[in-house]
Amino acid sequence: MTHHRGIVIKIVRSFAPDPTDADDLAQEIALALWRSVPSFRGESKPSTWIWRVALNRAVSWQRAGKDRHLDVHGAAIEPPAVERADDGLLVDRIYEAIRSLPAIDRSVVMLSLEGHRYAEIAEITGLTETNVGARLSRARTRLEQHLKEAQ
């Protein structure tokens, strides 16, 4: 887990902007990985397996927590703003844009940014390589639009 810690951090940051939620999600991913160790058959690289388990847990966590930021009257509560140095602002905007994507597209983009080939992304997500390419193309367009609107 220590060797592949960066994978978990990137997934958590893409799915949980609030620091409290990020801690919760990181713990849930660690627990999911621990529970999944017996099912790891070594047919793929450990990092591929970690990506798959962690992304599946993050997507499930997000689906289960749609009310996570609702007050008693049902109004959305914004997570607290984190002040960062100027160099962190662009990274924050990029993660914000990534979080605006549907969960499966977010997963595909994160894997692509990590340098995974379409075949690897397909293996991790369960999509076809053609579907990965189409989703990446559409996601890049949406990300570009989101970043232009945020300026």
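Key figures for this structure:
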| quantity | calculated |
| --- | --- |
| Simple spin-label estimate for residue 131 and residue 9 in nanometres, 7 Å along Cα-Cβ | 3.2 |
| Net charge contributed by nearby residues that have their C-beta within less than 12 Å of residue 34 (K/R +1, D/E -1) | +1 |
| Inter-label distance, nm, simple model (7 Å from Cα along the C-beta direction), residue 95/residue 30 | 1.8 |
| Unit Cα scatterers, Debye sum, segment 83-151: log10 I(q)/I(0) for q = 0.24, 0.28 Å⁻¹ | -1.00, -1.20 |
| Qualifying trypsin sites (Lys or Arg not before Pro) in segment 83-151, DSSP loop, other Cβ atoms within 10 Å at most 16 | 84, 117 |
| Exposure proxy order (Cβ contacts within 10 Å, fewest to most) of 137, 107 | 137, 107 |
| Local electrostatic count at residue 117 - Lys and Arg +1, Asp and Glu -1, tallied over other residues with Cβ under 10 Å | -3 |
| Local electrostatic count at residue 131 - Lys and Arg +1, Asp and Glu -1, tallied over other residues with Cβ under 13 Å | -1 |
| Computed label-point distance, nm, for sites residue 18 and residue 64 using a 7 Å Cα→Cβ extension | 1.6 |
| Additional length obtainable on full extension of the chain from residue 2 to residue 147, 0.36 nm per residue less Cα span | 48.9 nm |
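All of the numbers you see were taken from the coordinates with simple rules; none came from a lab. Computed from a predicted structure; not experimentally measured. Using ideal geometry, Cβ is built from the backbone for each residue, glycine included, and neighbour counts are taken over all protein chains shown.
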